[in-house]
Amino acid sequence: MGRGSAIAPTLDAVAATPPGQAGLAALAEAAARTLPTAHSAEPYPPDDGDEPLYAARAKVYPQHVSGTYRRAKWAILFVTLGIYYLLPFVRWDRGPNAPSQAVLIDFPNRRFYFFFIEIWPQEVYYLTGLLIIAAMTLFLMNAVAGRVWCGYLCPQTVWTDLFQAIERWTQGDRREHLQRDRQPWSLERVARTGTKHFLWLMVAWWTGGAWVLYFGDAPTMVRDLATFQAPFVAYVFIGLLTFTTYALAGWMREQVCVYMCPWPRIQAALTDEYALNVTYRYDRGEPRASVKKAEGLREKGLPAGDCIECLQCVHVCPTGVDIRNGPDLGCIQCGLCIDACDAVMKKIGRPTRLIAYDTDINIKRRQQGQSPFYRIVRTRTALYAAIIAVVGAVMSYALATRHNDGISVIHDRNPLFVRLSDGSLRNAFTVRILNKSLDERTFVLAVTGLPGADVDVIGSSSFAGANPLIEVGPDQSREVRVLVTARERIAAGASIPITFSIVPKAGGAAAGAGDHFIGP
Ligand code: SF4
Ligand code: SF4
């Protein structure tokens, strides 16, 4: 912003001199200084050694703006916040023995429910798949259009946008708010500021409240919270989220994006020259001059840019960036400066999109009289899309073909084997059987790989032939101790592979797990 506004005195100086090559040269020189990434061989002002390394925060007063990107941001804000606040109340019928909440993280029973999908702790690899897809989607967005995630979808942006709307509603738009902040405290100012903080706290509290509803039956939880019968930890989390939302979206705002979030740094390392970024088209904008001066220059056949130095693009920016200075880590690619500048261009009768999603390559091509070109499909975007498709397909296949039951086996470590009084050898195992169906089921347990062995389940006396029967409740897992006794002689040091398998007594597919029978 400092470099951008530094051009104004030079413009005045140029205006004071008769039009000619000397004045234009000074103007071009000033423009070059303001556009380090675009033009200059000397990208930064010389370091005189006196510049402090610390700069105090300049509070940002973002001005309201209307336009395409603002409308898109409102739409995304309503949809995302609507989903967040209301989703816990959406019901999903899973039958009599299962919760009816569409999205539920059920910690006591160690389950995650997402509509028709139910994830058990043993299936946490689905989470890995989801994380890979999320990361690749973020990379893909970045490769196509820079930090659009930050500008439109990031929770920090969405909540900050909402908090800023409340601020404008209570304390006025930029100019009014700035004036009020410069005035001494009055009753009106106290009332407006108090209302703002009250509304901020209400939104923050609602945000924390909605969060805990994902961890229990929402209507029951609301009643318990209201009657102070909810678990203490629920109140703790509501308090924590109320505080963090209020602090991050109300007070820290753009500082989270500029200083705290690692994504701008990662994104800067991931991007390439073809990614569309919010770009000031300096090929159109320079040299900057007022409408009148620019018209005068054009009438004389001299070059004049479309930028009139109105600073509307800076005033609407939620992070206080002057995008005319070139790419900036503070820019979240929200496009609000495009809306602001488009409105200005319409007013002065110049073509819109002086600021636009574009690339420096295209600016250079236009300067050379070539038409711009856009490369959305390139190696990295194709690679990200392919990874998303493959992981998504694998996850879908795994979900579609997943079994309703499962078994896992752990061999006793100490002792590895026991010699019985009749000389036979026994190994003990801990077997966990999963019944993911919503009906109670009885499984027939069999051990193969050790002919003639006896299989006993501690606490179970039901058998189908020589095989023990194990009952498992609906949507539950059951852990049992299983003793396998070899009746034949086992060689010293033997480690015989064996397989534990379960088959539903009522019929169905078998599930199995392997382990070893350890000899003396
Ligand atoms: S809004 Fe457009 S015309 Fe005004 S300063 Fe920004 S780029 Fe220049
Ligand atoms: S410079 Fe423009 S796109 Fe970047 S954060 Fe500011 S308003 Fe949004």
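The values are calculated or read from the model by the stated rules, or taken from the named source; none is laboratory data. Nothing here was measured: the structure is a model prediction, and the numbers come from that model. Note that each Cβ is placed from the backbone with ideal geometry, even for glycine, and that neighbours are counted across all protein chains shown. Surface accessibility is based on the protein's heavy atoms, side chains included, excluding ligands, DNA and RNA. Shrake-Rupley method; radii C 1.70, N 1.55, O 1.52, S 1.80 Å.
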note = Dividing the surface of the Cα convex hull of the chain by four yields a projected area in nm² of 37.1 nm²
task = On each of the three principal axes of the Cα atoms of the stretch 75-217, give max minus min coordinate, whole Å, ordered largest first.
result = 62, 41, 22
ask   = Under a 1.4 Å probe, what is the accessible area of the chain per residue, stated in Å²?
value = 53 Å²
task = Exposed loop chymotrypsin sites (Phe, Trp or Tyr not before Pro) only (DSSP loop, at most 11 other Cβ atoms within 10 Å): please give the longest stretch of the chain free of them, not including the sites.
result = 374-520
Contact order normalised by residue count of the chain, Cα under 8 Å, 6+ apart, percent = 14 percent
query = Tell me, what % of the accessible area of the chain is carbon and sulfur with a 1.4 angstrom probe?
reply = 64 percent
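For the chain, what is the mean residue ellipticity at 222 nm derived from helices alone (per DSSP H run of n ≥ 4: -39500 (n - 2.57); sum divided by total residues; nearest 500 deg cm²/dmol)? Intermediate values should be presented prior to the final figure.
Numbers: 17 runs with 211 residues, N = 520.
So the calculated ellipticity at 222 nm is -12500 deg cm²/dmol.
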task = Please work out how much length the chain gains when fully extended from residue 448 to residue 71, using 0.36 nm per residue of separation minus the C-alpha to C-alpha distance, in nm with one decimal.
result = 129.2 nm
key: Helix axis angle, 7-16 relative to the chain longest principal axis, alpha carbon, degrees   = 20 degrees
note = The helix 379-400 Cα axis meets the longest alpha-carbon principal axis of the chain at an angle in degrees, between 0 and 90 and rounded to 10, of 30 degrees
ask   = Between residue 385 and residue 97, what is the label-to-label distance in nm when each label sits 7 Å out along the Cα-to-Cβ direction?
value = 4.5 nm
task = Please give the FRET efficiency for residue 270 paired with residue 368, using the beta carbon to beta carbon distance and R0 = 35 Å, rounded to the nearest 0.05.
result = 0.80
request  = Answer with one residue from 435, 148, 502: the one whose Cα lies farthest towards the positive end of the charge dipole of the chain, charges on Cβ with Lys, Arg +1 and Asp, Glu -1.
outcome  = 148
remark   = Sites removed, the longest contiguous part of the chain containing no DSSP-loop GluC sites (Glu not before Pro) with at most 12 other Cβ within 10 Å is 1-272
ask   = If you look for lysine pairs in the chain that are eight or more places apart or on different chains, how many of them have Cα atoms under 25 Å apart?
value = 14
